[in-house]
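Engineer: Before I ask anything, let me first share the structure, which is written out below as structure tokens.
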């Protein structure tokens, strides 16, 4: 894939109603829209509501087509970055959260020694909400999604 | 301990300059450059005080408090604050709320790794934030103290006495923790991934109080300090104080060594610098901000306070097997500048580093203390008894 084709990247959180969870919609993103996907987290069982955190990469126009396709098929989509946020008043900028952050969305700025949170890189895995000793990282998902 | 040189200043002389608004005060970070530029002799003449700071988990901390009598009188034998058990084996209505004590109904590590949502450190922070805290006390009853039960809401303002009384704070140097085992472990240094995939380190390096006075020449019983945003005092050596550690050529200890016992009135502190902690899989604790002013009495103190991150070596220890088994093996030493760069090399493997101490708030503390001294609001004190360090 060329660089241009791969230029757009986004992490999304998908929820599948029970009736959709047995259909192969995700692999069609690659087949129909030329999008490459990286599964960051998955929790899908037949006949139950499932959830999937995907990093999608490809052309922006294809990304939007792919997202529409998912919506048409009953999949609910939330950008992962809307799932998690930091309480700036509580954060002490210690850096402990960077220990388990899998996507480096949380990292220490080497100049001012503050912890930066790049929501675009965040996969909303929820590790930081458990590691943060002052509960400054807040995730808006039900607890079971974090297991 | 090295002797004073002839060209020295006294603390009284420095205080005179502070009162006149003429004292030259630098943070420990600014002093690094100053000593490099001017040399220790000139720096000693120009600089009066260097301020340090650290904002780090300090587990060996707690609040001594008196909750006042409500007739009929009581000698409490069991006390809880927001359901966190306090030590009540003291007279009448005195008790001690330890920072690491978890709430009485906390599941601890039964569901591993435990989250330790609320403990003694959180009680202290809640009081500082002005929140009411539920006090519960029980007693067996005596002729002079007949009351057997007491339950009421207390606040920082309503408690007759509240002091942070910390047996061991401000560690001089500390371990850099890695995990050589095959599973993720949850320690007081934070989570450590298997196979040495992260290295967690504490202290504020060149800003850290006891790296700036490695032989504790100016710090002793009675040294007035910035404590939790208010005023506190050093009241002696902390528990586990090691007076004779191995040192590098600058006198910086090569392993965890000196510690301080601190006391300060909680009333007057700021919750920004006193934070309850929930350390995953380990327990509750307290993050405390401490800043100690170092008087530049002579060129030796100028030299000491000129310490830079690169001059500080920290021991890398395995917390997977060695540490829990009491094996004192050091894998290697790395300097603080390398730790701050984001990665170190351990056994030829590049390992990302993770700070546990907030450097930015440590610096904020050193700057706040500097401002207090410049404004003439904070005078230095003479230590009344020394803390052995050699």
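The values are calculated or read from the model by the stated rules, or taken from the named source; none is laboratory data. None of the values given here were measured: they were computed from a predicted structure. Glycine also receives a Cβ, built like all others from the backbone with ideal geometry; neighbour counts cover every protein chain displayed.
Engineer: Hey, does region B:375-382 have a residue that's buried (at least 19 other Cβ atoms within 10 Å of the Cβ) and closer than 25 Å to residue B:287 by Cβ?
Structural biologist: So far as region B:375-382 goes, yes, one or more of its residues are buried (at least 19 other Cβ atoms within 10 Å of the Cβ) and closer than 25 Å to residue B:287 by Cβ.
Engineer: Can you find, within region A:83-98, the residue that is farthest from the other protein chains (Cβ to nearest Cβ) among those that are crowded, with 24+ Cβ neighbours inside 10 Å and within 15 Å of residue B:277 (Cβ to Cβ)?
Structural biologist: A:97
Engineer: Just need a number here: residues in region B:331-349 that are in contact (Cβ under 8 Å) with a residue 24 or more places away in the chain, over 24 Å from the mean Cα position of the chain (by Cα) and surrounded by fewer than 15 Cβ atoms within 10 Å (Cβ to Cβ).
Structural biologist: Of the residues in region B:331-349, 2 are in contact (Cβ under 8 Å) with a residue 24 or more places away in the chain, over 24 Å from the mean Cα position of the chain (by Cα) and surrounded by fewer than 15 Cβ atoms within 10 Å (Cβ to Cβ).
Engineer: Scan region B:82-99 and tell me whether some residue there is surrounded by 19 or more Cβ atoms within 10 Å (Cβ to Cβ), under 30 Å from residue B:359 (Cα atoms), at pLDDT 95 or above and within 14 Å of chain A (Cβ to nearest Cβ).
Structural biologist: yes
Engineer: Name the residues in region B:265-292 that are within 11 Å of chain A (Cβ to nearest Cβ), closer than 24 Å to residue B:213 by Cβ and not in a strand (DSSP E or B), would you?
Structural biologist: Matches in region B:265-292: B:273 only.
Engineer: Among the residues that make up region B:126-133, is at least one of them in contact with a strand residue (DSSP E or B) (Cβ under 7 Å, 6 or more places away or on another chain), assigned to a loop (DSSP other than H, G, I, E, B) and within 14 Å of chain A (Cβ to nearest Cβ)? Write out each step before concluding.
Structural biologist: Our first condition is that a residue be in contact with a strand residue (DSSP E or B) (Cβ under 7 Å, 6 or more places away or on another chain); within region B:126-133, this holds for B:126-128, B:132-133.
In the following step, the residues that additionally are assigned to a loop (DSSP other than H, G, I, E, B) were identified as B:132.
Remaining after also requiring within 14 Å of chain A (Cβ to nearest Cβ): none.
Checking region B:126-133: not a single residue is in contact with a strand residue (DSSP E or B) (Cβ under 7 Å, 6 or more places away or on another chain), assigned to a loop (DSSP other than H, G, I, E, B) and within 14 Å of chain A (Cβ to nearest Cβ).
Engineer: Which residue is farthest from residue A:38 (Cα to Cα), if the candidates are limited to region A:102-125 and must be buried (at least 20 other Cβ atoms within 10 Å of the Cβ) and either more than 13 Å from chain B (Cβ to nearest Cβ) or at pLDDT below 95 (or both)?
Structural biologist: A:117
Engineer: Now a separate question. Take residue B:247 and tell me if it is more than 14 Å from chain A (Cβ to nearest Cβ), without any contact (Cβ under 8 Å) to a residue 40 or more places away in the chain and surrounded by fewer than 22 Cβ atoms within 10 Å (Cβ to Cβ).
Structural biologist: Details: more than 14 Å from chain A (Cβ to nearest Cβ): yes; without any contact (Cβ under 8 Å) to a residue 40 or more places away in the chain: yes; surrounded by fewer than 22 Cβ atoms within 10 Å (Cβ to Cβ): yes.
Taking the combined requirement at face value, the residue satisfies it.
Engineer: Hey, could you check region B:334-354 for residues that are under 21 Å from residue B:206 (Cα atoms) and out of contact with any helix residue (DSSP H, G or I) (no Cβ under 9 Å at 6 or more places or on another chain) and say which is farthest from the other protein chains (Cβ to nearest Cβ)?
Structural biologist: It comes out as B:334.
Engineer: Name the residue, out of B:310, B:366, that is closer than 22 Å to residue B:61 by Cβ, in contact with a strand residue (DSSP E or B) (Cβ under 8 Å, 6 or more places away or on another chain) and either away from chain A (no Cβ under 14 Å) or not in a loop (DSSP other than H, G, I, E, B) (or both).
Structural biologist: After ruling out the rest, the residue left standing is B:366.
Engineer: Further question: Just for strands (runs of 3 or more DSSP E) wholly inside region B:145-234: which have at least 1 residues that are within 14 Å of chain A (Cβ to nearest Cβ) and surrounded by fewer than 21 Cβ atoms within 10 Å (Cβ to Cβ)?
Structural biologist: B:185-187
Engineer: Filter region A:43-60 for residues that are without any contact (Cβ under 8 Å) to a residue 40 or more places away in the chain and touching a helix residue (DSSP H, G or I) at 6+ places or on another chain (Cβ under 9 Å) and give the result.
Structural biologist: Within region A:43-60, just A:52 meets the criteria.
Engineer: Being touching a strand residue (DSSP E or B) at 6+ places or on another chain (Cβ under 9 Å) and touching a residue at least 40 places away in the same chain (Cβ under 8 Å) is true for just one of B:35, B:84, B:25. Which residue is that?
Structural biologist: Every option except B:25 fails the conditions.
Engineer: Something else now. Going by the structure shown, is residue B:262 within 17 Å of residue B:163 (Cβ to Cβ), outside any loop (DSSP other than H, G, I, E, B) and within 14 Å of chain A (Cβ to nearest Cβ)? Steps first, answer last, please.
Structural biologist: Values: within 17 Å of residue B:163 (Cβ to Cβ): yes; outside any loop (DSSP other than H, G, I, E, B): yes; within 14 Å of chain A (Cβ to nearest Cβ): no.
Considered against the rule, which asks whether it is within 17 Å of residue B:163 (Cβ to Cβ), outside any loop (DSSP other than H, G, I, E, B) and within 14 Å of chain A (Cβ to nearest Cβ), residue B:262 comes out as no.
Engineer: OK, next. What's the number of the condition residue B:73 fails, among (1) under 30 Å from residue B:30 (Cβ atoms); (2) surrounded by fewer than 20 Cβ atoms within 10 Å (Cβ to Cβ); (3) touching a residue at least 60 places away in the same chain (Cβ under 8 Å)?
Structural biologist: (1)
Engineer: How many residues are away from chain B (no Cβ under 12 Å) and out of contact with any helix residue (DSSP H, G or I) (no Cβ under 8 Å at 6 or more places or on another chain) if we restrict to region A:132-143?
Structural biologist: Residues in region A:132-143 being away from chain B (no Cβ under 12 Å) and out of contact with any helix residue (DSSP H, G or I) (no Cβ under 8 Å at 6 or more places or on another chain): 2 in total.
Engineer: Among the numbered conditions (1) touching a helix residue (DSSP H, G or I) at 6+ places or on another chain (Cβ under 9 Å); (2) away from chain B (no Cβ under 11 Å); (3) part of a helix (DSSP H, G or I), tell me where residue A:129 comes up short.
Structural biologist: That leaves (2) as the condition not met.
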